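Any read-out appearing in this document is the output of simple, stated calculations on the displayed coordinates, not a laboratory observation. Quick caveat: nothing in here was measured; it's all calculated off a predicted structure. Reconstructed Cβ throughout: ideal geometry from the backbone, glycine too, with neighbour counts over all protein chains shown.
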Amino acid sequence: MTLDTQEKLRQSLEESGFKNVKVTAETYVVHAKAPDGSHIVMMVSPDQIAGVIEHTGSSSPSHGSMQTNPSSSEPSGTSR
């Protein structure tokens, strides 16, 4: 994503009422199917991993988030 595209995205979101918008080029969105058949979406950046898991046959998705320290492989916290 170019800097120009990042700026246009930020401006568009702010014009729609969003506040404190930060567009990060180093962030990736991953869509995958887990070994158990669950569909997942993960956002991976240098200092955070966040995900949403939709279990097969479930009517509501589970939300999970784990932040990691970029200089360590140890998670600094989890939430659901």
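Just to be sure I understand, how many residues within the stretch 1-20 are among the aliphatic types (A, V, I, L, M) and part of a loop (DSSP other than H, G, I, E, B)?
Matching residues across the stretch 1-20 total 1.
Quickly run through the stretch 21-57 and pick out the residues that are over 24 Å from residue 11 (Cβ atoms), small (Gly, Ala, Ser) and assigned to a strand (DSSP E or B).
32, 50, 51
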